[in-house]
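Following: one structure in structure tokens, then a few remarks.
The values are calculated or read from the model by the stated rules, or taken from the named source; none is laboratory data. No experiment lies behind these values; they were computed from the predicted model shown. A quick note on method: Cβ atoms are made from the backbone with ideal geometry, for glycine too, and the neighbour counts reach across all protein chains shown.
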Ligand code: PHE
């Protein structure tokens, strides 16, 4: 078998897994959902749900991965009983397919971010940027290819000299850029109004079912759950680490960056509004949800004079970095399968699998109007939660309890006495599947509650 990699330290794992979790979901998706769901009330619900639902499922993935030290298919087979092995392996395959589907649309959006970063650079240099910042088939295709080449090159280099090296370098830069932008935007007229909306939750909205639903799917997608990414990253954690603590650090980082991204984007929206950019219609609905980042923010940057160019470059570079540390974690799922289960050399696996997914991405670019949304919904609203339930089912009902405890005791010998052990196993057994199932039924429209 090809030799497996391992993260070289606790910090390296936390940065790589946070790099996976923190992405377009946090910096693009989260602020849009905050803006369209009444500000602080959404932030509050999202944080609660991340702790109550997403963290326990994250732990399920990490513990399975580190126990089996293999790709998702082998890992699931290892914790299965004879009777459930087929289901375990199918779950692994399905996760792999979902990770690939997510990468196929994610890379297109990420490509737009790279295009905007380059466009801002050109405009500062006095060269026309219009091809880079206006929507066209050619632009989407070209930048999708560029983004795939970046992603594949990192994954081809392996766990410690590829994923770890780039995540540990890029993540601190990302955080620095966000903080700088928050400080700058906070000084602009109009920002104070945004801070008020963001920080004062309107608790009457917390019970709104569509807000809860949005917050739940956001919590899932944002922590990279239900595709096997965290399972594979878990398989590269050393046995001497305390898993619940690592998982908590990653969840806290993910929430932290989402909240920071909100502090950047929400005040920015109000600054833009102050400068005459139309954001909400008369009924108070967000006019452009997906266009928020690509239209509203550049419009804001344009009103800032000379500084606007630099802010724009920084912002879109930041988006591209965040997307890259996530996309490598998606590609790692099928690549780990090719190297672990089929002994394909890593670089070859990364290029072969990467190019296959790229071909599908190009198909999406060509059929954007009818196919793109379907793939996004299938992967994020259907597959991810369902696979999440299956992971819970295996940890809670199938995997032998003594083996589960044994794995958690690695790096934490007192595990049996901890609050985590007293609550978590039954929690993933009953509570998580029940909540996710309710969510799925609700979103399929079968029941209205
Ligand atoms: N968590 C990433 C984000 O917020 C997306 C992602 C989903 C990454 C699934 C890996 C797997 O952008």
Legend entry - Sole residue being more than 30 Å from residue 345 (Cβ to Cβ) and assigned to a helix (DSSP H, G or I), chosen from 49, 15, 62, 97: 49
Inset, instruction - Quick one: residue 368 ticks every box in (1) within 24 Å of the chain's Cα centre (by Cα); (2) modelled with pLDDT under 90; (3) surrounded by fewer than 17 Cβ atoms within 10 Å (Cβ to Cβ) except a single one, so which number is it? - result: (2)
Inset, instruction - Go through the stretch 301-321 residue by residue and tally those that are buried (at least 17 other Cβ atoms within 10 Å of the Cβ) and in a loop (DSSP other than H, G, I, E, B). - result: 1
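So which helices (runs of 4 or more DSSP H) are wholly in the stretch 198-279 and hold at least 3 residues that are out of contact with any strand residue (DSSP E or B) (no Cβ under 6 Å at 6 or more places or on another chain), away from the ligand (no atom under 15 Å from the Cβ) and closer than 30 Å to residue 66 by Cβ?
Passing ranges, in order: 243-274.
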Inset, instruction - Look through the stretch 261-300, keep the residues that are surrounded by fewer than 13 Cβ atoms within 10 Å (Cβ to Cβ) and in contact (Cβ under 8 Å) with a residue 60 or more places away in the chain, and return whichever of them is nearest to residue 318 (Cα to Cα). - result: 290
Inset, instruction - Answer yes or no as to whether residue 5 is part of a helix (DSSP H, G or I) and either out of contact with any strand residue (DSSP E or B) (no Cβ under 6 Å at 6 or more places or on another chain) or within 12 Å of the ligand (Cβ to nearest atom) (or both). - result: no
Legend entry - Residues of the stretch 134-180 classified as crowded, with 18+ Cβ neighbours inside 10 Å and at pLDDT below 90, total: 13
Legend entry - Of all residues making up the stretch 316-347, the number that are farther than 21 Å from residue 92 by Cβ and more than 16 Å from the ligand (Cβ to nearest atom): 3
Legend entry - Qualifying residue in the stretch 65-73 (condition: within 16 Å of the ligand (Cβ to nearest atom) and either closer than 29 Å to residue 265 by Cβ or assigned to a helix (DSSP H, G or I) (or both)): yes
Inset, instruction - Report yes if residue 119 is within 26 Å of residue 301 (Cβ to Cβ) and not in a helix (DSSP H, G or I), otherwise no. - result: no
Legend entry - Selected residue [more than 15 Å from the ligand (Cβ to nearest atom) and over 23 Å from residue 176 (Cβ atoms)] from 62, 52, 58: 52
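Within the stretch 170-191, work out how many residues are over 25 Å from residue 11 (Cα atoms), part of a helix (DSSP H, G or I) and either touching a residue at least 60 places away in the same chain (Cβ under 8 Å) or touching a helix residue (DSSP H, G or I) at 6+ places or on another chain (Cβ under 6 Å) (or both).
Looking only at that region, the number is 6.
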